[in-house]
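Participant: Got a structure for you, written out below as structure tokens; questions coming shortly.
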Amino acid sequence: MKYFKLIFRNIGRNPLRSLLTSLVTIVLVFVVTMVWSILWLLDIVTTEKSENFQAMVTERWSAPSHIPLSYAEVLGRGAARNPGDVRPLDSMTWQFYIGTLDPEDPSSKNMMFTIACDPDKIAAVKEGKFTTMMEGLESLADGQEDQLIADVAKLKDAPRGIIVGQNHLKITNKRIGERFKLTGVSITKGLDLEFEIVAAFPPGRYDTMAVFNREYFNNELDAYPRSHNGQKHPLADRSLNLMVLKVADSAAFTRLASQIEKSPELSDPAIRCETMASGLASMLEMFRDLIWGMRWMLAPACLATILLVIANAISISVRERRLELAVLKVLGFRPYQIMVLVLGESILLGAGAGLVSAALSYGVINWGMGGIAFSIGFFDRFMVPVDAFWWGPAVGGLAALLGSFLPAWTARSVKVAEVFSKVA
């Protein structure tokens with residue numbers, strides 16, 4: 001306790017310096033927390049799971065992928081033809097539709113990326129358990145799970161209902177209950193759809209997406225020739241963009257992928273089957289340099305700055321207290337005890353500021369702002385994980401320990417005779 005009292009007293013001797021050092025540490029730890037929060041989610045979605053694998057089936061030689069909707073039935077059974085073949089535990093079709101709210105101004109603020117799918121695959125209760133085929137929704141809180149199931153029920157009841165991401169609501173200034181029309185662009189050009197917003201996704205993974213009932217999309221594709229002189233829409237024969245399949249483990253996935261890629265029923269066009277993590281990693285490949293810079297340049301630069309700031313502050317403090325350190329040695333303090341005092345002061349300052357920064361980051365970003373607004377790939381918003389509560393103290397404390405080691409060693413090596421001779 002005596003050590004702690006001395007450490008707290010030393011920190012309070014120069015409150016302005018301690019405050020400025022803490023503020024700089026808080027700001028830099030905040031930046032590190034933001035960077036690591038983004039990398040944390042990207043690492044999760046691109047890391048292979050040991051069980052409950054999700055496989056992604058896409059067209060092999062073309063991007064974006066477009067495969068016949070008739071493939072869905074074959075893929076739903078894993079292209080199984082023999083009794084011993086592997087069958088998926090579950091499956092989900094994804095059909096992309098991109099539209100604009102204003103065809104005269106098809107800018108990003110008016111664009112909406114949507115997915116036509118089976119509502120039951122978004123969220124459902126099977127055998128008393130919450131299930132979903134959309135990664136990122138399996139870890140919702142109990143209240144959010146119940147709300148999502150209720151929202152999916154609304155989607156099934158409303159033929160033109162749509163569940164939108166938080167970012168779409170914010171940018172387009174729409175509200176739940178509003179109706180709007182999307183004019184198809186790019187490959188969906190000529191296919192205009194009308195929607196009613198029935199709900200919004202929880203903040204996070206699907207902020208930049210929206211989902212609606214695939215029956216509406218497919219019915220509109222079927223009706224397209226009646227209003228276009230019998231001509232089918234370009235997407236009519238290849239409206240399925242990808243298929244998500246769930247399997248038990250990696251061994252089952254390997255067998256399933258082999259069945260699918262060798263199936264004669266799925267040869268024109270050829271398709272590929274890869275894990276969801278591998279597929280997402282491929283989609284993020286264009287951002288490889290940005291992610292590398294965040295991981296190996298921005299975060300280390302912030303850590304180095306924290307180290308230098310704390311090292312400078314502690315060095316100044318040690319130089320100012322040389323006489324006091326000499327007196328402590330005269331009173332019987334051993335060199336290692338003096339070193340512990342200086343290191344303890346630095347670590348308490350760094351770790352304390354790091355904890356404050358982590359708490360502020362978690363509260364302000366998650367509760368106040370609804371996530372970090374940072375668009376990369378199909379992600380638009382990132383939440384600060386609970387892990388930030390140990391990231392902050394660890395970053396601040398480690399930087400403080402490294403930065404104060406040399407000043408602490410200097411304090412340990414103070415020569416009593418030399419100090420008192422200068423005083424005399």
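Participant: Of the conditions (1) in a helix (DSSP H, G or I); (2) at pLDDT below 85; (3) among the aromatic types (Phe, Trp, Tyr), residue 333 satisfies every one except a single condition; which number is it?
Facilitator: (1)
Participant: I've got another one for you. Conditions: (1) at pLDDT 90 or above; (2) more than 25 Å from residue 278 (Cα to Cα). Residue 116 meets all but one. Number of the miss?
Facilitator: Of the numbered conditions (1) at pLDDT 90 or above; (2) more than 25 Å from residue 278 (Cα to Cα), the odd one out for residue 116 is (2).
Participant: Does residue 124 fit the bill of being over 18 Å from residue 211 (Cα atoms) and of a type in the set (Gly, Ala, Ser)?
Facilitator: When the stated conditions are applied, residue 124 does not pass them.
Participant: Right, here's the next one. Being under 24 Å from residue 373 (Cα atoms), small (Gly, Ala, Ser) and free of Cβ contacts under 8 Å to residues at least 40 places away in the same chain: is that true of residue 210 here?
Facilitator: no
Here's the yes/no breakdown for (1) among the basic types (Lys, Arg); (2) surrounded by 13 or more Cβ atoms within 10 Å (Cβ to Cβ):
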site: 175; (1), (2): yes, no
site: 183; (1), (2): no, yes
site: 195; (1), (2): no, yes
site: 202; (1), (2): no, yes
site: 213; (1), (2): no, yes
site: 217; (1), (2): no, yes
site: 222; (1), (2): no, no
site: 237; (1), (2): no, yes
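Participant: Could you check residue 180 against (1) within 26 Å of residue 63 (Cα to Cα); (2) more than 28 Å from the chain's Cα centre (by Cα) and say which number it fails?
Facilitator: (1)
Participant: Ok, one more. Criterion first (in a helix (DSSP H, G or I) and crowded, with 19+ Cβ neighbours inside 10 Å) does residue 338 satisfy it?
Facilitator: yes
Participant: Which ranges mark the helices (runs of 4 or more DSSP H) fully within the range 1-120 that have 2 or more residues being in contact (Cβ under 8 Å) with a residue 40 or more places away in the chain and of a type in the set (Ser, Thr, Tyr)?
Facilitator: 15-45
Participant: Which members of the range 5-57 meet the condition of being among the acidic types (Asp, Glu) and either in contact with a strand residue (DSSP E or B) (Cβ under 7 Å, 6 or more places away or on another chain) or at pLDDT below 75 (or both)?
Facilitator: Answer for the range 5-57, where residues must be among the acidic types (Asp, Glu) and either in contact with a strand residue (DSSP E or B) (Cβ under 7 Å, 6 or more places away or on another chain) or at pLDDT below 75 (or both): 48, 51.
Participant: Within the set of pairs 6 or more residues apart or between chains, which connect a residue that is under 16 Å from residue 198 (Cα atoms) inside the range 122-149 to a residue that is among the small types (Gly, Ala, Ser) and part of a loop (DSSP other than H, G, I, E, B) with Cβ atoms less than 7 Å apart?
Facilitator: Close Cβ pairs (under 7 Å, with a partner that is among the small types (Gly, Ala, Ser) and part of a loop (DSSP other than H, G, I, E, B)) amount to 148/123; 149/123.
Participant: Can you pull out every residue in the range 386-415 that is assigned to a loop (DSSP other than H, G, I, E, B) and either on the phi > 0 side of the Ramachandran plot or modelled with pLDDT under 85 (or both)?
Facilitator: If the condition is that a residue be assigned to a loop (DSSP other than H, G, I, E, B) and either on the phi > 0 side of the Ramachandran plot or modelled with pLDDT under 85 (or both), then 413, 414, 415 are the ones that fit.
The values are calculated or read from the model by the stated rules, or taken from the named source; none is laboratory data. Keep in mind that this is a model prediction, so the values were computed, not measured. As a convention, Cβ positions derive from the backbone with ideal geometry for all residues, glycine included, and neighbour counts pool all protein chains shown.
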